[in-house]
Amino acid sequence: MPPDPVLESALRANAAAGLPAIDVAPNQGKLLYLLAQMVGARRILEIGTLGGYSTLWLARALPSGGKLITLEADPRHAEVARTNLARAGLGDVVDVLVGRALDTLPTLSGPPFDLVFIDADKSNNATYVAWAVRLTRPGSVIVVDNVIRQGRILDAVSDDPNIRGTRSLFEAVAAEPRLEATAIQTVGSKGHDGWLLARVVSRGPGVDCSEPS
Ligand SMILES: C[S@@+](CC[C@H](N)C(=O)[O-])C[C@H]1O[C@@H](n2cnc3c(N)ncnc32)[C@H](O)[C@@H]1O
């Protein structure tokens, strides 16, 4: 991909602010952008902002009048993200909500989201997907990052909370009749990982959403 000054300056600002370089890789950012455009997303929800790198990719995919809400627990990360987004001319398109996602998700209102990107604390992934189902409509798409982890997801007895959280996520999604889903592996500059990719198929009766624990 050709160099992109806006995205590169966001990554530089993140590094200068001491943020960890755990943003999505550029090829994954582009995939998020394409996916948002393919589904014609007008409203996007992101859980896990960091410095707003994936947020920039997603916000750029929105049509005029579109909206992105991104949830971030760390006020310092949120501040860096706001600055990056403002520099990109996307400050009015994106709302950065500060707080633990389990606290901010219940405050969300408005029309359903067309796309939800989940990339925060992995141990809560199953609960985040339950919230995503509540906040979307049939046809919406839900993406969860880091579900392969160099294949470590196959370790059924792992005591790593990220692996356990991700395995619980797969179990919850498999038992959720309102979703059709699969996992895709991704390889990029940040190694071998993958996404859970789900489509909301109905708002009918389903498994009860787990409440914040
Ligand atoms: C992997 S980074 C997000 C990367 C970002 N999506 C990107 O690709 O540029 C995860 C972020 O989630 C935030 N986070 C962790 N736990 C959270 C929680 N409970 N609620 C909201 N944000 C959380 C972290 O502070 C961190 O900024």
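The values are calculated or read from the model by the stated rules, or taken from the named source; none is laboratory data. These figures come from a predicted structure and were not determined experimentally. Every residue, glycine as well, gets a Cβ built from its backbone with ideal geometry; the counts of neighbours run over all protein chains shown. Surface areas here come from the heavy atoms of the whole protein model, side chains and all, with no ligands, DNA or RNA. Shrake-Rupley method; radii C 1.70, N 1.55, O 1.52, S 1.80 Å.
Table for the structure above
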read-out: Test for Val116: is it closer than 16 Å to Gly48 by Cα and under 13 Å from the mean Cα position of the chain (by Cα); value: yes
read-out: Matching option when the condition is open to solvent by less than 60 Å² (accessible area, probe 1.4 Å) and out of contact with any Leu (no Cβ under 8 Å at 6 or more places or on another chain), among Ala10, Ala41, Ala17; value: Ala17
read-out: One residue from Val24, Val39 being over 14 Å from the mean Cα position of the chain (by Cα) and among the β-branched types (Val, Ile, Thr); value: Val39
read-out: Counted residues, the range 52-74 - those being open to solvent by 30 Å² or more (accessible area, probe 1.4 Å), touching a Gly at 6+ places or on another chain (Cβ under 9 Å) and of a type outside the set (A, V, I, L, M, F, W, C); value: 2
read-out: Test: residue in the range 46-63 that is more than 12 Å from the ligand (Cβ to nearest atom), under 18 Å from the mean Cα position of the chain (by Cα) and over 27 Å from Val173 (Cβ atoms); value: yes
read-out: Answer from Ala130, Ala126, Ala101 - the residue that is away from the ligand (no atom under 14 Å from the Cβ), more than 22 Å from Ala61 (Cα to Cα) and open to solvent by less than 30 Å² (accessible area, probe 1.4 Å); value: Ala130
read-out: Any chance Asp4 is open to solvent by 20 Å² or more (accessible area, probe 1.4 Å), at pLDDT 95 or above and of a type outside the set (Phe, Trp, Tyr); value: no
read-out: Of all residues in the range 141-188 being of a type in the set (Ser, Thr, Tyr) and within 17 Å of the chain's Cα centre (by Cα), the one that is surrounded by the most Cβ atoms within 10 Å (Cβ to Cβ); value: Thr166
read-out: Where Ala120 falls short, out of the listed (1) in contact with a Gly (Cβ under 6 Å, 6 or more places away or on another chain); (2) open to solvent by less than 20 Å² (accessible area, probe 1.4 Å); value: (2)
read-out: Number of positions in the range 104-117 that are within 22 Å of Tyr33 (Cα to Cα) and open to solvent by 50 Å² or more (accessible area, probe 1.4 Å); value: 2
read-out: Conditions (1) open to solvent by 50 Å² or more (accessible area, probe 1.4 Å); (2) of a type in the set (Gly, Ala, Ser); (3) under 27 Å from Met1 (Cα atoms); number of the one not met by Gly191; value: (1)
read-out: Residue match in the range 190-212 (condition: aliphatic (A, V, I, L, M), at pLDDT below 85 and more than 16 Å from Leu35 (Cα to Cα)); value: yes
